[in-house]
Amino acid sequence: MRIAYFSPLPPKHTGIATYSRHLAQALSAHAQIEFFDPQPGETGALDYAARPELLLSLHWYDALLYHFGNNPRHHLDMYRAFLLRPGVVVLHDIILYYLMAGLGRGGLLQEFLFNYGPLRVGEFFELERDCQNGDVLRYRQPQRYPLVKRILTVASGIIVHSETSARLVRSQGARCPVHVVPLLAYPPMLEPGAPTTRAQCRSELGIEPDELIIGCFGYNGPTKRLPIVFEAVARLRERLPCRVLVVGEADALNRDIAASGIVDRVIRAGFVDDERFGALLRSIDILANLRFPSMGETSATLIQALACGIPSLVSNDAWFAELPDEAVRKIGVGPNEAAEVAAALLELGLDPARRAVIAEAGRAYVAEHCAPAAVARRYAEILAETARLEQIRRRRLGLEGLAQALPPAVPLGQASPTGALTQAAKSQADGPRSGLADERGAPLADDR
């Protein structure tokens with residue numbers, strides 16, 4: 001099976017690039033993969049934005065796979081290619097407002113009307129008035145307008161990572177099969193970490209060996225509830241000596257730290273490559289992975305934390321609520337959120353045995369649901385079945401002969417035989433990856 005694989009790739013600053021690197025590595029056991037990515041750098045991918053004629057070769061592939069997130073920087077060119085030649089879509093976010101806002105005011109208005117009809121056009125103008133300086137990319141209530149109808153209308157299949165997301169997609173009017181495939185665990189995180197690496201990492205950050213460290217990882221936009229974590233730590237100042245390690249970029253981080261009064265307890269690592277990201281993740285004691293309101297996403301950071309045995313706090317909402325109660329510590333999303341976080345941190349911080357129990361349950365969950373080989377096999381099954389149905393459809397429409405008569409724009413397999421990125425991943429499984437800084441200035445997260 002030949003797959004045209006559309007996705008941002010490392011070293012681009014999006015978790016979807018990292019995810020695609022590891023998925024493609026596992027999926028290459030089942031198929032020949034050709035990567036399509038604008039400005040591909042050293043990945044060997046086909047730059048279809050610079051050479052749009054490459055899209056004329058897509059009929060030669062058995063399956064087209066598109067990985068969509070909510071960031072127009074990484075997905076807008078892909079969206080245009082998808083409308084030309086639809087395929088199977090992996091929705092990493094169900095709310096795609098910011099992706100469509102990247103089309104500009106006119107493009108966003110077109111998508112709004114397609115999704116909601118002309119009778120609701122007044123809401124669009126209200127939306128504009130709610131945007132800072134009239135910039136539609138600064139809208140702060142994207143969950144009100146998912147704007148996914150066009151993708152759901154023309155896709156040949158949809159893959160999501162949770163039952164919550166599947167229900168949302170179906171409620172938005174999906175006309176194609178909707179499949180739930182868990183996020184995969186990245187192979188390096190499934191291997192035991194070296195104690196010396198953890199100790200060295202903590203030492204470099206000025207962390208004492210017995211100091212409790214709470215980690216907040218990824219692009220820390222408003223939905224990540226960072227001020228809530230800071231408030232909880234401030235409440236525990238006299239009861240639980242601990243510090244917060246913030247890895248990745250964030251909106252208004254300095255302001256939030258100053259407002260919380262815990263400047264002396266926050267360590268900022270900024271954006272890091274994926275190798276460093278993994279090392280820092282292993283260096284913490286508790287992961288604070290809150291998320292509200294949900295954009296319909298899952299969290300690859302959380303899966304990696306569970307894989308390496310880090311007890312984690314999550315919001316009791318959307319996909320996170322689906323996780324086994326014994327594998328994570330769930331936090332309510334109401335007015336008592338900060339108090340609940342403080343209570344959970346105190347409970348886990350003072351009880352290493354309790355942390356170990358949660359850690360073991362987390363590892364067990366990942367082993368059962370997120371093994372790379374099993375996830376890749378499910379992808380291969382979905383793509384093969386979709387390709388079979390598409391072949392039947394083309395034969396009925398009399399398109400098969402026409403497609404074969406058109407030569408490929410690039411000889412298949414010459415640009416990236418199974419994908420240069422896949423080959424690099426096979427030979428260097430722990431090499432540099434993309435990190436998890438997904439946004440600039442507005443919550444456009446392609447989250448992990």
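The values are calculated or read from the model by the stated rules, or taken from the named source; none is laboratory data. This is a predicted model, so every value here is computed, not measured. With ideal geometry, Cβ positions are generated from the backbone for all residues, glycine too; neighbour counts draw on all protein chains shown.
Side notes on the structure shown:
- Subset tally (residues that are among the aliphatic types (A, V, I, L, M) and surrounded by 21 or more Cβ atoms within 10 Å (Cβ to Cβ)) for the stretch 27-57: 5
- Within the stretch 303-339, considering residues that are in contact (Cβ under 8 Å) with a residue 60 or more places away in the chain and not small (G, A, S), the one farthest from V247 (Cα to Cα): E322
- Within the set H75, H22, the sole residue that is under 27 Å from Y219 (Cα atoms), modelled with pLDDT of 95 or more, touching a helix residue (DSSP H, G or I) at 6+ places or on another chain (Cβ under 6 Å) and not charged (D, E, K, R) turns out to be H75.
- Strands (runs of 3 or more DSSP E) enclosed by the stretch 126-237 - at least 1 residues per element that are out of contact with any Cys (no Cβ under 7 Å at 6 or more places or on another chain) and under 24 Å from E249 (Cβ atoms): 212-217
- Some residue of the stretch 99-111 being more than 23 Å from the chain's Cα centre (by Cα), under 22 Å from I151 (Cβ atoms), in a loop (DSSP other than H, G, I, E, B) and modelled with pLDDT of 95 or more: no
- Entry remark, the stretch 137-167: residues being surrounded by fewer than 20 Cβ atoms within 10 Å (Cβ to Cβ) and more than 22 Å from L65 (Cα to Cα) number 6 in total.
- Check on R198, surrounded by fewer than 22 Cβ atoms within 10 Å (Cβ to Cβ), closer than 26 Å to A359 by Cβ and of a type in the set (K, R): yes
- All positions within the stretch 346-393 that are out of contact with any helix residue (DSSP H, G or I) (no Cβ under 6 Å at 6 or more places or on another chain), part of a helix (DSSP H, G or I), more than 22 Å from P192 (Cα to Cα) and among the hydrophobic types (A, V, I, L, M, F, W, C): L346, A380, I382, L383, A384, A387, L389, I392
- The listed residue being at pLDDT 95 or above, among the small types (G, A, S) and assigned to a helix (DSSP H, G or I), out of A327, A339: A339
- If you go through the stretch 270-316 and keep only what is in a loop (DSSP other than H, G, I, E, B) and either farther than 27 Å from A166 by Cα or at pLDDT 95 or above (or both), you end up with F271, V272, D273, I284, D285, L290, C308, G309, I310, P311, N316.
- The condition of being more than 19 Å from the chain's Cα centre (by Cα), more than 23 Å from G278 (Cβ to Cβ) and of a type in the set (V, I, T) holds for only one of V148, V244, V169, V154, that being V154.
- The stretch 340-385: number of residues that are more than 30 Å from G87 (Cβ to Cβ), surrounded by 15 or more Cβ atoms within 10 Å (Cβ to Cβ) and of a type in the set (A, V, I, L, M, F, W, C): 10
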